[in-house]
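Engineer: My structure is below; once you've seen it, I'll send some questions.
The values are calculated or read from the model by the stated rules, or taken from the named source; none is laboratory data. Note that this is a predicted model, so its numbers are computed, not measured. So basically every Cβ, Gly included, is an ideal-geometry build from the backbone, and we count neighbours across all protein chains shown.
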Amino acid sequence: MRRLATIGVYGFTAEAFVKALAEAEVELLLDLRQRRGVRGSDYAWANSVRLQQALAEAHIDYRHVKELAPTTELRQLQYREDDRVGVGKRNRAVLAPEYVARYTRDVLDPFALEAVAESLPPHSATALLCVETTPEACHRSLVAARLHTAHGFSVVHLSPR
């Protein structure tokens, strides 16, 4: 069975992040972020150039799949729901139902995911990256679920220890 991991930035150090990927036998990381930067000095390592350098040193390939990133409008929809329920982005536990429906309809459904699935390494894991710690609070879980359902990938969610 082909393997997929999901991973967020929050809660990891650079070293722990790379170690988690190595332990999961990840050979390729797909960056699903629209903007490939993270605010704050604690997460400067996750900014695109630094992240790609750390991955290269660990012999992990990197690919940005911006087409699977939520649009600014979708992110704003989720932020409004976060405000309504009184949670911050880093503490969110689930995605808003409207966000899930619109991300699925507007981003995931029209995307040619089969071509991506066929291009993934067959004998090692691929990781889907975004920032949230909890996969259910992030669009990467929607992409992972689709790859599982439509293409038979097993899925594991990597989290900070």
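Engineer: Which residue, of Val143, Val155, is at pLDDT 95 or above, in contact with a helix residue (DSSP H, G or I) (Cβ under 9 Å, 6 or more places away or on another chain) and either among the polar types (S, T, N, Q) or surrounded by 22 or more Cβ atoms within 10 Å (Cβ to Cβ) (or both)? Write out each step before concluding.
Structural biologist: Details: Val155 fails: either among the polar types (S, T, N, Q) or surrounded by 22 or more Cβ atoms within 10 Å (Cβ to Cβ) (or both).
Within the list Val143, Val155, the selection yields Val143.
Engineer: For the range 27-41, does any single residue satisfy the condition of being in a helix (DSSP H, G or I) and either touching a residue at least 40 places away in the same chain (Cβ under 8 Å) or touching a Ser or Thr at 6+ places or on another chain (Cβ under 9 Å) (or both)?
Structural biologist: no
Engineer: Also, I was wondering about something else. Keeping to the range 37-58, report how many residues are in contact with a helix residue (DSSP H, G or I) (Cβ under 9 Å, 6 or more places away or on another chain) and surrounded by fewer than 17 Cβ atoms within 10 Å (Cβ to Cβ).
Structural biologist: Qualifying residue count, the range 37-58: 5.
Engineer: Also, quick follow-up: Could you please give the count of residues in the range 101-127 that are of a type in the set (D, E, K, R) and either in contact with a strand residue (DSSP E or B) (Cβ under 9 Å, 6 or more places away or on another chain) or closer than 16 Å to Leu4 by Cβ (or both)?
Structural biologist: Within the range 101-127, the subset of a type in the set (D, E, K, R) is 102, 105-106, 109, 114, 118.
If we keep only those that are either in contact with a strand residue (DSSP E or B) (Cβ under 9 Å, 6 or more places away or on another chain) or closer than 16 Å to Leu4 by Cβ (or both) as well, we get 114, 118.
Residues flagged as of a type in the set (D, E, K, R) and either in contact with a strand residue (DSSP E or B) (Cβ under 9 Å, 6 or more places away or on another chain) or closer than 16 Å to Leu4 by Cβ (or both) within the range 101-127 amount to 2.
Engineer: Among the residues of the range 13-26, what is the count of those that are under 12 Å from Ala127 (Cβ atoms) and either without any contact (Cβ under 8 Å) to a residue 24 or more places away in the chain or not in a helix (DSSP H, G or I) (or both)?
Structural biologist: Adding up the residues that qualify gives 4.
Engineer: Tell me which of these Pro122 doesn't satisfy, since it passes every other one: (1) farther than 22 Å from Leu29 by Cβ; (2) surrounded by fewer than 14 Cβ atoms within 10 Å (Cβ to Cβ).
Structural biologist: Evaluating Pro122 over (1) farther than 22 Å from Leu29 by Cβ; (2) surrounded by fewer than 14 Cβ atoms within 10 Å (Cβ to Cβ) leaves (1) as the failure.
Engineer: Another question, then. From the list Arg92, Arg102, pick out the single residue that is within 19 Å of the chain's Cα centre (by Cα), among the basic types (Lys, Arg) and either at pLDDT 95 or above or within 22 Å of Lys19 (Cβ to Cβ) (or both). First the steps, then the outcome.
Structural biologist: Values: Arg92 fails: either at pLDDT 95 or above or within 22 Å of Lys19 (Cβ to Cβ) (or both).
Going through Arg92, Arg102 in turn, the sole match is Arg102.
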